[in-house]
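The values are calculated or read from the model by the stated rules, or taken from the named source; none is laboratory data. These figures come from a predicted structure and were not determined experimentally. FYI the Cβ positions are ideal-geometry reconstructions off the backbone, even for glycines, and counts take in every protein chain you see. The protein model used for the area step is the full one, side chains on, heavy atoms only, and it has no ligands, DNA or RNA in it. Shrake-Rupley method; radii C 1.70, N 1.55, O 1.52, S 1.80 Å.
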Amino acid sequence: MNRVWYRVRKFIYKILDKRELLMALNVKYYKSKGVKIGENMRAFSPLLSAEPYLLSFGHNVTVSTKVTFLTHDNSVIKLFENGTDIFGEIKVGNNCFIGSGSIILPGIELGNNVIVGAGSVVTKSFKEGNVIIAGNPAKVISTTENYASKISPNVLNIKGLTYNDKKYFLEAKKYLFVQK
């Protein structure tokens, strides 16, 4: 894709507040760089690393803001005279959510239905799936089933609402946001 044309389209989409179109354009760009991406990807962070071809995402994945994907580690240069890096593919399964500010280290595999809590540092794989992980280093804090039953009273659907409609709706429902 022509880089200038990409920037022009990105600018136009931002002006028109066409987030979904901008996201689709970004996904197309990431794919052109070698990132493997399934259907219905929602990326609010760049899906790039020094080795974008080592990134793989399944279907229905959401990556929140300020997420970092590290596909290599150069610190080994301090340990090995004839070695500069270690590399690892990062694989994210289907129906995963990666929270804001998370860091995913080289060689990590997340199974299907994994939710990564905001600010987590994922230092090991969670291939089994159906878990909520969080912390530094990330560890299992719940199953997706337990989490879903806990939060179900607070789940809302705001898809398609304008900013003002959402504001009105949320102000009318303030009582829902009390932690139990």
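Of the strands (runs of 3 or more DSSP E) contained entirely in the range 76-180, those carrying at least 2 residues that are open to solvent by less than 70 Å² (accessible area, probe 1.4 Å), in contact with a Gly (Cβ under 9 Å, 6 or more places away or on another chain) and β-branched (Val, Ile, Thr) fall at 90-92, 114-116, 131-135. The condition of being closer than 17 Å to Ser45 by Cα and modelled with pLDDT of 95 or more holds for only one of Gly135, Gly111, Gly117, Gly107, that being Gly117.
Among residues of the range 70-89 that are under 29 Å from Pro46 (Cα atoms) and among the acidic types (Asp, Glu), those with a beta-carbon under 6 Å from a residue that is assigned to a loop (DSSP other than H, G, I, E, B) and modelled with pLDDT of 95 or more at least six positions away or on a different chain give the pairs Asp73/Pro106. For the range 55-65, the set of residues classified as more than 15 Å from Val114 (Cβ to Cβ) and surrounded by 15 or more Cβ atoms within 10 Å (Cβ to Cβ) consists of Leu55 only.
The set of residues from the range 22-54 being assigned to a loop (DSSP other than H, G, I, E, B), open to solvent by 80 Å² or more (accessible area, probe 1.4 Å) and either more than 17 Å from Val67 (Cβ to Cβ) or touching a helix residue (DSSP H, G or I) at 6+ places or on another chain (Cβ under 7 Å) (or both) comprises Lys33, Glu39, Asn40. The single condition from (1) under 30 Å from Lys159 (Cβ atoms); (2) buried (at least 17 other Cβ atoms within 10 Å of the Cβ); (3) touching a helix residue (DSSP H, G or I) at 6+ places or on another chain (Cβ under 6 Å); (4) not aliphatic (A, V, I, L, M) that Thr71 fails is (1).
Residues Leu22, Leu48: which one is within 13 Å of the chain's Cα centre (by Cα) and modelled with pLDDT under 90?
Numbers: Leu22 fails: within 13 Å of the chain's Cα centre (by Cα).
Step by step, each of Leu22, Leu48 is checked, and only Leu48 is within 13 Å of the chain's Cα centre (by Cα) and modelled with pLDDT under 90.
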